[in-house]
1. Just to make sure I understand: if all protein chains stay in place, what is the order of ARG225, ARG67 by accessible area at 1.4 Å, largest first?
2. Please report, in Å, the Rg and the Dmax of region 10-148, where both are computed over Cα atoms only.
3. Can you list residues whose amide H is under 5 Å from SER97's amide H, if they're 5+ apart or on another chain and H is modeled 1.01 Å from N?
4. Taking the chain as a Gaussian network, where each spring joins two C-alpha atoms under 10 Å apart, which residue of GLY34, GLY88, GLY134 fluctuates the most?
5. Which residue, VAL77, LEU131, TYR147, has the largest displacement toward the positive end of the dipole of region 65-156 when charges sit on each Cβ (Lys, Arg +1; Asp, Glu -1)?
6. Normalising by the residue count of the chain, find the relative contact order in percent from Cα pairs under 8 Å and 6+ residues apart.
7. Given all pairs of different Cα atoms, what value in angstroms does the Kirkwood hydrodynamic radius of the chain take?
8. Zone of ALA23 (label point 7 Å along Cα→Cβ, backbone N under 18 Å): which residues in region 54-85?
Amino acid sequence: MLVLRYALYRFGTMLLTLLVVSALIFLIINLPPGDYLSNQIAELRSTGQTAGVQKAEFLRREYALDRPLWQQYLIWVGFIPGPQGFSGLIQGNFGWSFEFDRPVSEIVGDTLWLTVLVNLAAVLFVYMVALPLGILAAAKSKTWVDYSSAFVGYLGLATPNFLLALILFYYGNRWFDLPIGGLMDPIYEGEPMSWDKVRSILLHLIVPTFVIGTSGAAAMMQRLRANLLDELGKPYVETAIAKGMSPPRMLVKYPLRMAFNPFVADIGNLLPAMVSGSVLVSVVLGLQTIGPTLLIALKSQDQFLAGFVLMFVALLTLLGTMISDVLLVLLDPRIRYEGKAG
């Protein structure tokens with residue numbers, strides 16, 4: 001019951017935080033002078049294209065870009081009616097992309113779930129690699145196992161993702177016949193889901209998952225090793241061993257559980273880090289994720305498209321933080337007790 005109440009409380013604070021973040025995102029996007037349409041109007045006027053200027057000015061009025069900034073924000077979110085009535089984010093209208101001349105929902109529709117899929121696979125890879133290697137490195141401290149895992153970790157941290165992507169891009173196809181580029185074979189794009197399409201997606205996920213997750217796994221492995229070594233040096237460990245508890249059982253029952261706290265807390269930072277870190281990799285590997293779309297939107301000052309993508313990343317961050325907080329309450333009785341006392 002306490003955990004459910006805490007989860008509802010965290011969900012409420014997440015919504016309030018998302019509201020504040022939406023205002024900051026909208027403000028920052030509009031800090032540079034001009035926008036897509038005003039830049040286009042200036043260019044069209046310089047070339048004497050009157051019809052194009054009239055269309056751009058019509059779009060400015062249609063999407064309330066001629067109104068004060070605070071009104072534009074409230075209309076974008078959906079708190080007040082605009083030229084099209086109540087039609088903002090909370091109503092499910094993500095806006096119009098002036099760069100692509102299409103609704104934002106059509107542009108990001110396929111890329112959203114592919115982005116989630118790629119980064120979820122990368123997160124699973126991070127934990128599957130970092131957890132056993134971090135525990136093994138701490139349990140076998142100052143041995144060849146520890147030094148080997150440290151070398152692999154530092155190598156993962158030092159190698160740029162885009163360089164690793166290029167290397168695996170070439171050798172993965174040459175040695176293992178892995179597909180090159182994209183997240184599925186072109187024949188399956190736009191087709192309904194089938195086993196063949198799922199198989200194609202899974203094959204295409206191998207290289208991006210490894211590339212995106214390598215640096216995160218290396219950093220998390222080193223962090224877990226340091227936390228676990230710190231716990232293993234505490235007096236309660238010697239007491240447990242002196243009472244006859246076997247080292248493997250003692251390791252799992254006490255130090256590992258305490259060392260897990262920062263490990264679980266990293267979930268909140270891991271999801272957005274995966275998304276932001278995969279932007280360049282997505283460009284290099286030609287992945288149909290949201291990263292390349294964000295780059296195009298920011299370069300062209302396509303504010304509705306850029307705003308939605310940044311809101312999506314912010315939502316991932318807040319969801320990850322909420323999940324990690326709830327898991328910490330379940331994992332550590334001290335946190336649960338403090339929450340009850342508060």
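The values are calculated or read from the model by the stated rules, or taken from the named source; none is laboratory data. Note that this is a predicted model, so its numbers are computed, not measured. As a convention, Cβ positions derive from the backbone with ideal geometry for all residues, glycine included, and neighbour counts pool all protein chains shown. These area figures cover heavy atoms from the full protein model, side chains too; ligands, DNA and RNA do not enter into them. Shrake-Rupley method; radii C 1.70, N 1.55, O 1.52, S 1.80 Å.
1. Greatest to least solvent exposure: ARG67, ARG225.
2. For region 10-148, the Cα radius of gyration and maximum Cα-Cα distance read 23.4, 75 Å.
3. It is ARG102, VAL104, by chain and number.
4. Top of the fluctuation ranking is GLY34.
5. TYR147
6. 24 percent
7. One over the average 1/r among Cα pairs gives 23.3 Å for the chain.
8. 68-81
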